[in-house]
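Coordinate-derived values only; no laboratory data. Keep in mind that this is a model prediction, so the values were computed, not measured. We place every Cβ from the backbone using ideal geometry, glycine too, and count neighbours over all the protein chains shown.
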Amino acid sequence: MYAALISLLISGFLSATLLPGTSEAGLVLFLYYFPDSWFIVLILLTIANTLGSMTSFFMTYFIPKKSFSDKVEKLVKKYGTPLLFFSFLPIVGDALPLAAGWLKLSKLKVSIFIAAGKFFRYAVIIIVFFKVNITKV
């Protein structure tokens, strides 16, 4: 179980960077074999995936401003840190932490909104696939 959990957490971390990954599939597979561990996996996978996004954030936070996708930059400037909630989305989600770092947005606010979005996504997956009532923890 621990090797599977570590593999899932590594997948969750890498999936949040620019590297391709499938942490959602890994989550479903892990919980198929270990359904009673859904709560701890929800928390740990949210943390791992958030750390992956924060790695992307810091990759651009410490470099001088250069050109970036105009579309993503306009979105992040217009809506600010709450937009980072959607960093779990495919394609554009990977660009949001990069843009937030490049624009030097608040590290704390960015991490909170990213974590909230990641938690939401994994909670929905757990509820849909495993009919878990997460309100009764």
- line: Over all viewing directions the Cα convex hull of segment 53-128 casts an average projected area in nm² of 4.8 nm²
- prompt: Tell me, what HN-Hα J-couplings in whole Hz come from the Karplus equation 6.51 cos²θ - 1.76 cosθ + 1.60 at θ = phi - 60° for each residue of segment 12-29, using x for Gly and Pro?
  reply: x, 5, 5, 5, 8, 8, 6, 6, x, x, 9, 5, 5, 5, x, 4, 4, 5
query: When a footprinting reagent is the concern and you count Cβ atoms within 10 Å, what order do 114, 40, 125 take, fewest first?
result: 40, 125, 114
statement: Here the gain from full extension of residue 70 to residue 129, 0.36 nm per residue of separation minus their alpha-carbon distance, amounts to 17.5 nm
message: Could you derive backbone 3J(HN,Hα) for segment 49-55 from the dihedral phi with the Karplus parameters 6.51, -1.76 and 1.60 (θ = phi - 60°), listing whole Hz in sequence and x where the residue is Gly or Pro?
response: 5, 5, 4, x, 5, 5, 5
message: Within the chain, which is the longest segment that contains none of the trypsin sites (Lys or Arg not before Pro) sitting in a DSSP loop with at most 14 other Cβ atoms within 10 Å?
response: 1-64
field: Taking 126, 112 and counting other C-beta atoms within 10 Å, the order from fewest to most
entry: 112, 126
field: Structure-derived Rg and Dmax of the Cα atoms in Å - corresponding label in (i) 15.4, 48; (ii) 18.8, 59; (iii) 15.7, 52
entry: (i)
- prompt: Exposure proxy check: 128, 72 ranked by fewest other beta carbons within 10 Å?
  reply: 128, 72
